[in-house]
1. 7 Å from Cα along Cα→Cβ at both R21 and Y114: what's the point-to-point distance in nm?
2. Using only Cα atoms, figure out Rg for the chain and give it as a multiple of 2.2 N^0.38 Å.
3. Helix 120-131 sits at what angle to the longest principal axis of the chain, using alpha carbons and giving 0 to 90 degrees rounded to 10?
4. Starting from the 7 Å offset along Cα-to-Cβ, what nm value, one decimal, do you get for the label separation of D134 and R12?
5. Residues with amide H under 5 Å of D202's amide H, sequence separation 5 or more or different chain, H placed in the peptide plane at 1.01 Å from N; which?
6. When the Karplus curve 6.51 cos²θ - 1.76 cosθ + 1.60 is applied with θ = phi - 60°, which whole-Hz ³J(HN,Hα) does each residue of the range 105-113 get, with x for Gly and Pro?
7. Just the number please: accessible area per residue for the range 170-221, 1.4 Å probe, all protein chains included, in Å².
8. Tell me, what HN-Hα J-couplings in whole Hz come from the Karplus equation 6.51 cos²θ - 1.76 cosθ + 1.60 at θ = phi - 60° for each residue of the range 166-175, using x for Gly and Pro?
Amino acid sequence: LFDEIYLLTDARSVCDPQITRREVDLIFRLLPIQGEHRILDCCGGHGRHSLELSQRGFTACTLLDYSETLINIAKTDACKNNLEMTFICGDARQTDIAANSYDHVIIMGNSLGYVQEEGADAKIISEAYRVLRDGGWILVDVADGQAIRSSFRPNAWHAIGNSVIVCRQREIQEPFVCAREIVLSKTDGLIRDQSYAIRIYDAADVSNLLAQSGFRHIEIHTD
């Protein structure tokens, strides 16, 4: 699901530099980040947050994602902008990163909930706990389940330029949103027809997930 087509269909959010800058501003407000800190951008896609952090002078950022396509795009962007970063293409449930390696782990962009294996997100959070130093911080960004339910629309579509249409059919099957995404080109026909599901999280779910992995002093921000 997470490839060049994803960067096309979701470009309004994941390829908008102003949104990324605002989100990184929020990271700075929520985490006590200092210049020498080591930061792991976990499930970070094409690295928009860690690239922005590197642009701001943080030279100890690591991007980890399962998609080789997105990792390679991030590498190209870092090279083009002369940014010093580390890149890992791997599974966030088992990273093989040494314990106590990072001061902060960020999991941005609603990246939890896609792996259908039972307990997959708990494994991701537990792995983040393992790679953090004692006293390190994690920031997890997920869509608010209550907000999803209150504003839910089963059908949505949008146009990309004059040639591509993205159609999504969705339904809530608790605790998941199940979706079918169809991407059509007026010139090339069908680009993608794919179904997927993503787990819905409420504030209490996130708090419990973090606490069960050992995290303390948990704060939930829903505004």
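The values are calculated or read from the model by the stated rules, or taken from the named source; none is laboratory data. Everything quoted here is computed from the prediction, not taken from an experiment. Using ideal geometry, Cβ is built from the backbone for each residue, glycine included, and neighbour counts are taken over all protein chains shown. These area figures cover heavy atoms from the full protein model, side chains too; ligands, DNA and RNA do not enter into them. Shrake-Rupley method; radii C 1.70, N 1.55, O 1.52, S 1.80 Å.
1. Result for the modelled spin labels: 2.7 nm.
2. Numbers: Rg = 17.7 Å, N = 223, 2.2 N^0.38 = 17.2 Å.
For the chain, the normalised Cα radius of gyration is 1.03.
3. It is inclined by approximately 30 degrees.
4. Calculated label separation equals 4.8 nm.
5. G145
6. So the J values, rounded to whole Hz, are 10, 10, 10, 9, x, 6, 8, 7, x.
7. 62
8. In residue order, the calculated couplings are 10, 10, 10, 10, 9, 8, 8, 10, 3, x Hz.
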